[in-house]
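Worksheet: the structure to be examined is printed underneath.
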Amino acid sequence: MSLNCNEINLILDELDLTGSFIQEIVQPSFDSIALYTYKPGVPKTVFICLSAGECRLNEVRRKIPKNEKPLRFNELLRSRIRGARITDCRQLGKERIIKISTYREGPLYVMPAAQEKFAKKKKVQVQQEGVEELNLYIRLWSNAANIFLCTKENLILDSFYRRPAKGELSGEVLKLPTIAEKSPLDSMEEDKNSLLKFPVRSFEGLLPGRNDGASGTAGAGEADEELSFNEKVDLYYSSNASRNSLENLLEQAEKWYSAHRTRLQSALENLEEKRSSFLNAERWKHWGDLILSYSWMFTEGSTKGGWLDCQDFETGENVHIKIDPAKSAQENAARCYETFKKQTGGLEELEHDILLAKKQLDELDKKYASLVSEKNPVKLEQLLRKQQKPKQQEKKERPGLCYETKGWTILVGRDADENDELLRHHVKGQDLWFHTRDFPGGYVFIKARAGKSVPLEIMLTAGNLALHYSKARKNGEADLYYTQVKHLRRAKNGPKGLVLPSNEKNLHVKLDTRLLRQLEENEIQETPKKH
């Protein structure tokens, strides 16, 4: 439930923002913003929420976390009203619209017209005194809440939510309700009727079980009456009365954790089940031997049902082996031997996958523990939003993969697009470039370090990565060439990412899967792997 007009008046009376300076503006989410204000000896943080059904403005006594990236309206306010003095702060009648008038004066730096043509060579500026008076309107209407930064004449500079259909965008004149002037007696009568229709809530029973970290108010055990109305409002909405309250956010965190843990646990169980099967790989070799021993049964047609029933020459027991009746005994035995070879060779890789799956579960448990321990609902909402964001929408610092090993940074491009992007924007002339000879594949770069030559161990690591992300991987070894990026020349009219190297040197590499697994465990992975 949003604040009503009488509750807004009471909050503004307690805040007493007139004469305060706006020190900072922070926008933690896409439906809230906070003003850090200061009056000599009295700092206050004013939190504004525009969420439907939870529209409010009140003081909070906790730090409001910044958003990961700058947001449009927040940056506008910081450029126009940060440092301004609040000359007036009041509600327009009973309309749940708050008008904050600001006044800022200071140096505006203007370039003289005579110097404009020489601007690129020499920027000569003069200092002039400038004054800017702006109005900030906060409309706390459920399903139509908004914030507008306007000129003194109420021309909209910008709005929190841009709604062209309603004329709520830059350049338009803000439409405000007409407030009729009333005599003092009529105003008193209207206030009485308004209080009867929209009473100020007492928020009784807030203190029992409340969390100090969430509210930032006085300790438990005090009476409700000892709290200011701002503190009661903050406690009410931050505890369990809104979709962004601690209670609801913790429920969301639990659902997120349960869903992810179930998925990871299921994957781990599948890997462990597969490992138990691999541990019995010897049976496939034994079945291949049995099939060859009873190959005469294939010629007599005793295997038409798709099963070979025979006696185990080692144990004397009858065995039932699944076969392909369309194939010969030699082909069925070869399939068994191939399965034996794959399972024997893949057991070490499988153990590595199980170790990684357990590490992912441990990391998930740590993330959930950090979410549960967070007592600031605004910070918790921000952390939860970050965890729930799909990987496809995450901002990529760089394409491909990035590895850190022994102080060296290795970048890997896995396709033409990533190769080209790395070449254009993420490597420099002194960096080393690796690529397989005579086989298409990804580009691998070792970032240069001032005054350091690249050790052979790091070069072999980069070579293994270049081999692994190329068509030569099946061979297990290949020749590579490497050179500095400054010796690469783009092929004219060639495919994307194609380069012609010069001053290159040769490096023969045998694939070391153990090294690659070790790298994967310590990997700083900027983008999801492509399988």
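The values are calculated or read from the model by the stated rules, or taken from the named source; none is laboratory data. These numbers were taken from a predicted model, which means no experiment stands behind them. All Cβ positions, even for glycine, are placed from backbone atoms using ideal geometry, and neighbour counts span all protein chains on display.
Here is how the numbers come out for the structure above:
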| item | result |
| --- | --- |
| Of all residues in segment 235-247 being at pLDDT 80 or above and out of contact with any helix residue (DSSP H, G or I) (no Cβ under 6 Å at 6 or more places or on another chain), the one that is farthest from LEU383 (Cα to Cα) | TYR236 |
| Conditions (1) closer than 21 Å to LEU422 by Cβ; (2) within 35 Å of the chain's Cα centre (by Cα); number of the one not met by LEU515 | (1) |
| Scope segment 280-312; condition surrounded by fewer than 17 Cβ atoms within 10 Å (Cβ to Cβ), in a loop (DSSP other than H, G, I, E, B) and modelled with pLDDT of 80 or more; matching residues | SER295, GLY306, ASP312 |
| Filter result for ALA214 (at pLDDT below 55, out of contact with any Pro (no Cβ under 8 Å at 6 or more places or on another chain) and not assigned by TED's automatic domain parsing to the domain that holds LEU355) | no |
| Options ALA472, ALA416, ALA450, ALA478: the member that is outside the structural domain of LYS69 (by TED's automatic domain parsing) and free of Cβ contacts under 8 Å to residues at least 24 places away in the same chain | ALA450 |
| Residues that are over 16 Å from GLU282 (Cα atoms) and assigned to a loop (DSSP other than H, G, I, E, B), drawn from segment 313-361 | GLY316, GLU317, ILE323, ASP324, PRO325, ALA326, LYS327, SER328 |
| Index of the failed condition, LYS428 passing every other in (1) surrounded by fewer than 23 Cβ atoms within 10 Å (Cβ to Cβ); (2) under 26 Å from the mean Cα position of the chain (by Cα); (3) not in a strand (DSSP E or B) | (2) |
| Any hit, segment 400-423, residues being out of contact with any strand residue (DSSP E or B) (no Cβ under 6 Å at 6 or more places or on another chain), closer than 21 Å to GLU504 by Cβ, of a type outside the set (Asp, Glu) and loosely packed, with under 12 Cβ neighbours inside 10 Å | no |
| Which numbered condition ASN143 misses (of (1) surrounded by 11 or more Cβ atoms within 10 Å (Cβ to Cβ); (2) assigned to a loop (DSSP other than H, G, I, E, B); (3) not aromatic (Phe, Trp, Tyr)) | (1) |
| In segment 71-93, the residues that are in a loop (DSSP other than H, G, I, E, B) and not aliphatic (A, V, I, L, M) | ARG82, GLY83, GLY93 |
